[in-house]
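Sharing a structure below in C-alpha cells format, with a few things to ask.
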Amino acid sequence: MLTAGVAIVAAAAIAAGVGLYNKAADRPAPTRPLPVQLPTTPESYLGVYTNEAPTSYSGVSAFTSATGAKPDVVMYYSGWFVPFPTAFATTVASNGGVPLVQMNPDRVSVAAIAAGRYDGYLSAYAEAVRAYHHPVIVSFGHEMNGSWYSWGYRHTSPTKFVAAWRHIVTVFRALGAENVTWLWTVNIINNTQDGTIPPPARWWPGSSYVTWVGIDGYYLEPDWQFAPLFGPTIASVRTLTQDPILIAETGATPAAGQPAKIADMFAGVRLYGLLGFVYFDATDYQGQDFSISSPAAVAAFGKGAGTFPRPGS
C-alpha cells in the first residue's frame, strides 16, 4: 500500500505530467521502433531481484558479495502511481547495471490506461526516465497470459491489454523517452502447478512496440530442466518475433536441487542464444524460497557467471 508521502509525490507528478503530455500530444508520435541502446549479444546479462529494491541497494550488494557476480540488471516491482526512483536507478548505473521496472497496473483499470485516464502519471514518469539519461528497461503488466493478476488472463481481455501497452509506449515516445528498452514479459506456457497457460500470441502488441521479450519461469522439482521448462514458450514467441529474449524471472528452490538447476540456467541460456536471466533471490508470495544461500549454490552461480562473456557489463 502506498504511504501518504508517496501518494502526495505521485499527485504532484500527475499534475505536472498532464501539461507535459498534452503539449507533446500536439506532435505526431514516431512510428519507428524505439532505438535499442543496450547490447543484444547472447549471454550479455545477469540480473537479480532482491526484496530491498528499490528502497535500498543493500540486497544487491549482498548478492554480489556472496556470488562474486555483479548484476548487469537490477529488477524491482513498481505499483501504479509510484514515481520513477531516480536515486536508486542512479545507484544501479554507478554499479554498472540497468534498472528493470516491472510496472504493474495494481488496482486500476487497464481499459482506463488505454483510454488515457492516467496520462498525467505516465507522462510524469516518462519525463523522469528521459531526464535520467541512462538506459532503463520497462515491462508493463508482466505474466499477462497467467490468471493470477488482475491484468491477466480471465480478468482483462487481451485486446484491452494490447491497447494499454501501445498507449503507454506512445506516451513515452511523444515525450522523447527513447532511453527505454520495452520488455514484453510472458509466463511460461507449460505451468505444471495451475494447469495450462495459453500461448502469448493474443497479448502481442506488435513489433514496433516491443524491444525485447521476457519470459518468467521457475524450477520447482528436481526433474525439471531448462529445455522442457522454457523451450515451448521460446518456440511460441519465435512465431511472433525474432526480438532478443531475456529470462526475466527465474529461480530454483533448494528442494529442486538448486546448484544443479543454477548450472542448468546458464547452460540453457547458452543453448538457446538468449540475452541472459534475472535471478529471483527472494521468497515469493507463496512462501517458496529461491534465495541462493548454500555454499554449493553460491559456487554454482559464481562458476556459471564466469562462463558468460557479458559484453553488456
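List pairs: first in region 69-91 and in contact (Cβ under 8 Å) with a residue 60 or more places away in the chain and more than 14 Å from ASP281 (Cα to Cα), second in a strand (DSSP E or B) and of a type in the set (Phe, Trp, Tyr), Cβ under 7 Å, 6+ apart or cross-chain?
Cβ pairs passing all conditions: ASP72/TYR45.
Counting only residues that are polar (S, T, N, Q) and closer than 25 Å to THR64 by Cβ, how many does region 97-120 have? Break it down stepwise before answering.
Taking region 97-120 and keeping what is polar (S, T, N, Q), we get 102, 104, 109.
Cutting the leftovers down to closer than 25 Å to THR64 by Cβ gives us 102.
Residues meeting the conditions: 1.
Turning to a different aspect of this structure: Is region 286-299 home to any residue that is surrounded by fewer than 18 Cβ atoms within 10 Å (Cβ to Cβ), at pLDDT below 95 and under 19 Å from the mean Cα position of the chain (by Cα)?
No, there is no match, as no residue in region 286-299 is surrounded by fewer than 18 Cβ atoms within 10 Å (Cβ to Cβ), at pLDDT below 95 and under 19 Å from the mean Cα position of the chain (by Cα).
In addition: Here is a check on your reading of the model: is ILE197 out of contact with any Leu (no Cβ under 6 Å at 6 or more places or on another chain) and at pLDDT below 95?
Details: out of contact with any Leu (no Cβ under 6 Å at 6 or more places or on another chain): yes; at pLDDT below 95: yes.
Spelling it out, ILE197 is indeed out of contact with any Leu (no Cβ under 6 Å at 6 or more places or on another chain) and at pLDDT below 95.
Which one is farthest from PRO309 (Cα to Cα), of the residues in region 235-279 that are in a helix (DSSP H, G or I) and open to solvent by less than 10 Å² (accessible area, probe 1.4 Å)? First the steps, then the outcome.
Narrowing region 235-279 to residues in a helix (DSSP H, G or I): 235-238, 254-256, 258-272.
Retained after the next criterion (residues that are open to solvent by less than 10 Å² (accessible area, probe 1.4 Å)): 237, 256, 258, 262, 265-266, 268-269.
Values: VAL237: 25, ALA256: 27, GLN258: 23, ILE262: 17, MET265: 15, PHE266: 12, GLY268: 15, VAL269: 12 Å.
Among residues in region 235-279 that are in a helix (DSSP H, G or I) and open to solvent by less than 10 Å² (accessible area, probe 1.4 Å), the one farthest from PRO309 (Cα to Cα) is ALA256.
Okay, moving on. Check off (1) of a type outside the set (Val, Ile, Thr); (2) open to solvent by 20 Å² or more (accessible area, probe 1.4 Å); (3) in contact with a strand residue (DSSP E or B) (Cβ under 6 Å, 6 or more places away or on another chain) for ASP223 and give me the number that stays unchecked.
(3)
Given ILE292, ILE245, which one is out of contact with any Pro (no Cβ under 8 Å at 6 or more places or on another chain), of a type in the set (A, V, I, L, M) and without any contact (Cβ under 8 Å) to a residue 60 or more places away in the chain? Give the derivation first.
On the way: ILE292 fails: without any contact (Cβ under 8 Å) to a residue 60 or more places away in the chain.
After ruling out the rest, the residue left standing is ILE245.
Yes or no, residue by residue, for (1) more than 21 Å from ALA115 (Cβ to Cβ); (2) of a type in the set (S, T, N, Q); (3) open to solvent by less than 50 Å² (accessible area, probe 1.4 Å):
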{"residue": "TYR149", "(1), (2), (3)": "no, no, no"}
{"residue": "HIS155", "(1), (2), (3)": "no, no, no"}
{"residue": "VAL162", "(1), (2), (3)": "no, no, yes"}
{"residue": "ILE168", "(1), (2), (3)": "no, no, yes"}
{"residue": "VAL171", "(1), (2), (3)": "no, no, yes"}
{"residue": "LEU183", "(1), (2), (3)": "yes, no, yes"}
{"residue": "PRO198", "(1), (2), (3)": "yes, no, yes"}
{"residue": "TRP203", "(1), (2), (3)": "no, no, yes"}
{"residue": "SER207", "(1), (2), (3)": "yes, yes, no"}
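The values are calculated or read from the model by the stated rules, or taken from the named source; none is laboratory data. Worth saying up front: this structure is predicted, and the values here are computed from it rather than measured. Quick reminder, even Gly has a Cβ in these numbers, built from the backbone with ideal geometry, and neighbours come from all protein chains shown. Just so you know, the surface numbers come from the protein's heavy atoms only, side chains and all, with ligands and any DNA or RNA stripped out. Shrake-Rupley method; radii C 1.70, N 1.55, O 1.52, S 1.80 Å.
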